[in-house]
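All remarks here apply to the structure that follows.
Read-outs throughout are calculated quantities, based only on the coordinates presented, and are distinct from any laboratory measurement. Here the structure is a predicted model, which means the values were calculated and not measured. Positions of Cβ are backbone-derived with ideal geometry, glycine not excepted, and every protein chain shown enters the neighbour counts.
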Amino acid sequence: RPGGSPPKARDFFSAAAIDPGKIAGSLRVRGRLPGDRYRPAGCDGRRSLKDVFNELRVPPPRRDSWPLVVDDDEIVWVPGMRPAEKAAVRSPGPSVALSISPPCVLRHLSAWNF
């Protein structure tokens, strides 16, 4: 996206590719923690998860159950957004494909208008 602007809600990313060489330790899925921050690929600066969830229009009661893909250091992917800048694939080579299925996250988006 030109200028590194964040994606709009209609640009929901249900899959992401990450560079395995940039991952610290192993990948796991967890819920949000106080102080979590995230830098989507192509965007300037880190953002609070509250801001990310506001942008995705995730209702506050559902935010604690939203899955986050993390490595040992930080958030690698928030389903609905681009992968993190630190894990983004920048050149040809190995990559790891991540995806979500409708029962997991898309059910949270029933109020969205695409």
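Quick look at the values:
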item: Residue-span extension gain [Ala97 to Ala24] - 0.36 nm each, minus C-alpha spacing; result: 24.6 nm
item: Order of Asp71, Asp51 - criterion: other Cβ atoms within 10 Å of each residue's Cβ, fewest first; result: Asp51, Asp71
item: Cα lying deepest toward the dipole's positive end in the stretch 2-105, options Val78, Asn54, Ser14, charges on Cβ; result: Asn54
item: Summed side-chain charge close to Ile18 - residues other than Ile18 whose Cβ falls under 10 Å, Lys, Arg +1, Asp, Glu -1; result: 0
